[in-house]
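*Asks:* Just dropping this structure here.
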Amino acid sequence: MRAFYHPDQAIHNPLQFMRYGRICEANDVPARTEELLKALARLGIKPEQPQDYGRGPAEKIHAVHYLDYLETAYGRWIDLPEHGPEVLPNTFPYWNGDPSRDMRPPCPTDQLLAQTGYYLGDLAVPIGEHTWQSVLRSSHTATAGADALLDGETLAYALCRPSGHHCRVDRASGFCYMNNSAIAAQRLREKFAKVAVLDIDAHHGDGTQEIFYRRSDVLTVSVHVDPDHYNPFFTGRVHETGHGDGEGYNLNIPLAPHSGNDTFLDGVQRGIDAVKAYGAEALVLALGYDTHVEDPLSMVKVTTEAFSAAGRKLGDLNIPVLVVQEGGYQVSVIGACLEGFLRELQSGA
C-alpha cells in the first residue's frame, strides 16, 4: 500500500473559526498530521512526497477565477491599510442553490472584501500566509494517490490536510479550500468508466455532492450526521438524489444524533452496497474521524473500534480504493482510528 503526504501541508496554521456565535481556537491544527504520520509508521508505511502538479488537477474541478482568488488573497489582504491576522469575510452574497448549475459566474467586482465574501462561504476558512501552499500541496497529495491507482495499485492513502469535501467548485467552507476527493475522482476517470466517492466523515460531503450532482459517471454517497441537527444543515437529506443526467447517482445516509457504532456501521454497509450496485470500477473513500465520541465536533458516539470494522467491510469490495483524509479533530484518537482502519482494509483487500 502506497501513501502520500507533503510537509508543506502542515504549514497552514489557522488561528480562529466561528462556532455558536463565538470566535474559537481552530480545530484543524498541524498536530493532526503528526499523529496520522505516526500511525502510518506503526504500520510500516512510509509516505511518498507527491510531485508538483501545479494547478492543473485542481482546475479540472474548480473554477479558475476561484483558484486565482485563493492564490492571491493573503498577499492582497496584508496590503490593506487595516487588516486582521487572516483573511475572513464580513459579507455573504445570496445564491439560489440551483441544482442545474455547475457554478456561479465570477465575482462581479475585483474588490478584495467583496471577493472574500463571494468565495469564502463561512468563518471556518481563514486564509493565512501559508494557506495557499498547504492547500495546493494537499491537492497534489490526492492527485498522487489517484495516479497510484491509475498505475495499478489496489490501495493507496492520501494524507490530505487541509480537508476538502465541503469545498464547492467556486467556494471554500468548513475548513476546506479545494475538494481533494473530487480532484482524485476526476483523475481516476481518466482510466475508470465508473468511479464512486463514499464519504464517511461526520459532516455531509456537500461540496462533493454538488460537484458531481449532474453526472452519472461518478456516484456520490455520504454517511453523515442528520443535517436537521448538524452542520452543514442545508444539504445531505435523502431526497437529494441528483439532477438531470445525475438523477439517481447521489445517495445520502443520515445518522441519528447520539447514535453509536451499529448505526454508523450499518450506514457504511449501505454505502458499500450502493457502490457495488453501481458497478464502480474504483472508489475514493473520504475518511473522517469526527464521528468519534471524543471529537470536539461530534454529535454521535462512534468508537475507535468502529473504524477498524469499517475498514474490514471496505476490504471486501475487490476494486481499487484510494483513501482520502478528511476531518477528525481529537488529536489523541485520530492516529489509532487511522491505524485500525488501514490495518483491516489491507488485510481484507
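The values are calculated or read from the model by the stated rules, or taken from the named source; none is laboratory data. Since the structure is predicted, the reported quantities are computational estimates derived from the model, not experimental observations. Cβ coordinates were reconstructed from backbone atoms using ideal geometry, including for glycine residues, and neighbour counts include every protein chain displayed.
*Asks:* Filter the helices (runs of 4 or more DSSP H) completely within the stretch 123-218 down to those with at least 2 residues that are touching a strand residue (DSSP E or B) at 6+ places or on another chain (Cβ under 9 Å) and closer than 21 Å to Leu37 by Cβ. Working first, answer last.
*Replies:* Working: elements: 131-150, 180-188, 206-212.
Hits in the stretch 123-218: 131-150, 180-188.
*Asks:* Let me ask something additional. What number of residues within the stretch 269-296 satisfy the criterion of being surrounded by fewer than 19 Cβ atoms within 10 Å (Cβ to Cβ), part of a loop (DSSP other than H, G, I, E, B) and among the aliphatic types (A, V, I, L, M)?
*Replies:* The number of residues fulfilling the criteria is 1.
Here is a yes/no grid of residues against (1) touching a strand residue (DSSP E or B) at 6+ places or on another chain (Cβ under 7 Å); (2) hydrophobic (A, V, I, L, M, F, W, C):
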| site | (1), (2) |
| --- | --- |
| Arg2 | yes, no |
| Asp8 | no, no |
| Pro30 | no, no |
| Glu35 | no, no |
| Lys46 | no, no |
| Arg55 | no, no |
| Ala58 | no, yes |
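*Asks:* Select from the stretch 69-99 the residues that are surrounded by 15 or more Cβ atoms within 10 Å (Cβ to Cβ) and among the acidic types (Asp, Glu) and write down the one among them that is nearest to the chain's Cα centre (by Cα).
*Replies:* Ranking the qualifying residues of the stretch 69-99, first place goes to Glu71.
*Asks:* Still on this structure: Is it the case that Phe4 is modelled with pLDDT of 95 or more and surrounded by 12 or more Cβ atoms within 10 Å (Cβ to Cβ)? Don't jump to the end; show me each part of the working.
*Replies:* Values: modelled with pLDDT of 95 or more: yes; surrounded by 12 or more Cβ atoms within 10 Å (Cβ to Cβ): yes.
Here the answer is yes, as Phe4 does meet what is asked.
*Asks:* Taking the condition more than 22 Å from Asp151 (Cα to Cα) and crowded, with 24+ Cβ neighbours inside 10 Å, does Gly207 pass? Quick ask: steps written out before the conclusion?
*Replies:* Numbers: more than 22 Å from Asp151 (Cα to Cα): yes; crowded, with 24+ Cβ neighbours inside 10 Å: yes.
For Gly207, the condition - more than 22 Å from Asp151 (Cα to Cα) and crowded, with 24+ Cβ neighbours inside 10 Å - is met.
One line per residue, one yes/no per condition, for (1) among the aliphatic types (A, V, I, L, M); (2) over 24 Å from Val331 (Cα atoms); (3) out of contact with any helix residue (DSSP H, G or I) (no Cβ under 8 Å at 6 or more places or on another chain):
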residue: Thr33; (1), (2), (3): no, no, no
residue: Lys38; (1), (2), (3): no, no, no
residue: Ile45; (1), (2), (3): yes, no, no
residue: Gly56; (1), (2), (3): no, yes, yes
residue: Tyr69; (1), (2), (3): no, yes, no
residue: Ala73; (1), (2), (3): yes, yes, no
residue: Arg76; (1), (2), (3): no, yes, no
residue: Tyr94; (1), (2), (3): no, yes, yes
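*Asks:* Does Tyr66 satisfy the condition of being modelled with pLDDT of 95 or more, under 19 Å from the mean Cα position of the chain (by Cα) and either surrounded by 11 or more Cβ atoms within 10 Å (Cβ to Cβ) or over 17 Å from Thr131 (Cα atoms) (or both)? It would help to see each step written out before you state the result.
*Replies:* Working: modelled with pLDDT of 95 or more: yes; under 19 Å from the mean Cα position of the chain (by Cα): yes; either surrounded by 11 or more Cβ atoms within 10 Å (Cβ to Cβ) or over 17 Å from Thr131 (Cα atoms) (or both): yes.
Here the answer is yes, as Tyr66 does meet what is asked.
*Asks:* Within the stretch 9-61, work out how many residues are among the small types (Gly, Ala, Ser), under 18 Å from the mean Cα position of the chain (by Cα) and surrounded by 20 or more Cβ atoms within 10 Å (Cβ to Cβ).
*Replies:* Matching residues across the stretch 9-61 total 1.
*Asks:* Kindly provide the set of residues from the stretch 232-261 that are touching a helix residue (DSSP H, G or I) at 6+ places or on another chain (Cβ under 9 Å) and outside any loop (DSSP other than H, G, I, E, B), ordered by number.
*Replies:* Gly246, Asn250, Leu251, Asn252, Ile253, Pro254, Leu255, Gly260, Asn261
*Asks:* What tally of residues in the stretch 304-349 results from selecting those that are in contact with a helix residue (DSSP H, G or I) (Cβ under 6 Å, 6 or more places away or on another chain) and outside any helix (DSSP H, G or I)?
*Replies:* Adding up the residues that qualify gives 6.
Results for (1) closer than 22 Å to Ala144 by Cα; (2) among the β-branched types (Val, Ile, Thr); (3) modelled with pLDDT under 95, shown as yes or no for each residue.
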| site | (1), (2), (3) |
| --- | --- |
| Asp273 | no, no, no |
| Leu287 | yes, no, no |
| His292 | no, no, no |
| Met299 | no, no, no |
| Lys313 | no, no, no |
| Asn318 | yes, no, yes |
| Gly327 | yes, no, no |
| Ser347 | no, no, yes |
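*Asks:* Continuing with the same structure: Mind counting the residues in the stretch 23-79 that are within 24 Å of Tyr289 (Cα to Cα), among the β-branched types (Val, Ile, Thr) and outside any helix (DSSP H, G or I)?
*Replies:* Qualifying residue count, the stretch 23-79: 3.
*Asks:* Collect the residues in the stretch 213-235 that are in contact with a Leu (Cβ under 9 Å, 6 or more places away or on another chain), without any contact (Cβ under 8 Å) to a residue 40 or more places away in the chain and either surrounded by fewer than 24 Cβ atoms within 10 Å (Cβ to Cβ) or among the charged types (D, E, K, R) (or both), keeping them in residue-number order.
*Replies:* Listed by number, the list holds a single entry, Asp226.
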